[in-house]
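First comes the structure, then the notes that go with it.
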Amino acid sequence: MRKRQIEGFIEQWLRGDELAFNGVVDHYYHQMLDFALQMVRNREDAEELVMNSFLKLWQYKRRLVDVSKPDEYLFGILRQGIM
């Protein structure tokens, strides 16, 4: 998925299209899971960390307005959850 597509999903989601969040999850899930698995080595724990990261993103979505690199922001949330 190209950068413009993911930015489009984020913009749609921020404007109230809750289904657009699925595009965000679809785009980042496997990358984040791979990263989490490198850190915790337990698949269930890694999946929970990734889903918790998406939950935090959902809860604090208004902060994305000021974020220029959403991928770094999302992986930062994941790193905080791991530590």
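The values are calculated or read from the model by the stated rules, or taken from the named source; none is laboratory data. Being a predicted model, the structure only gives us computed values, none of them experimental. No Cβ is skipped: glycine too gets one built from the backbone with ideal geometry, and neighbour counts run over all protein chains shown.
Summary table below
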item	result
Segment 8-53: number of residues that are among the aromatic types (Phe, Trp, Tyr), out of contact with any helix residue (DSSP H, G or I) (no Cβ under 6 Å at 6 or more places or on another chain) and free of Cβ contacts under 8 Å to residues at least 40 places away in the same chain	1
Qualifying residue in segment 61-77 (condition: surrounded by 12 or more Cβ atoms within 10 Å (Cβ to Cβ), among the β-branched types (Val, Ile, Thr) and within 10 Å of the chain's Cα centre (by Cα))	yes
Qualifying residue in segment 63-70 (condition: modelled with pLDDT under 95, assigned to a helix (DSSP H, G or I) and in contact with a Lys or Arg (Cβ under 9 Å, 6 or more places away or on another chain))	no
Unique match (being surrounded by 14 or more Cβ atoms within 10 Å (Cβ to Cβ), modelled with pLDDT of 95 or more and hydrophobic (A, V, I, L, M, F, W, C)) among Leu14, Leu37	Leu37
Filtered residue count, segment 38-62, keeping only those that are farther than 24 Å from Gln5 by Cα and in a helix (DSSP H, G or I)	10
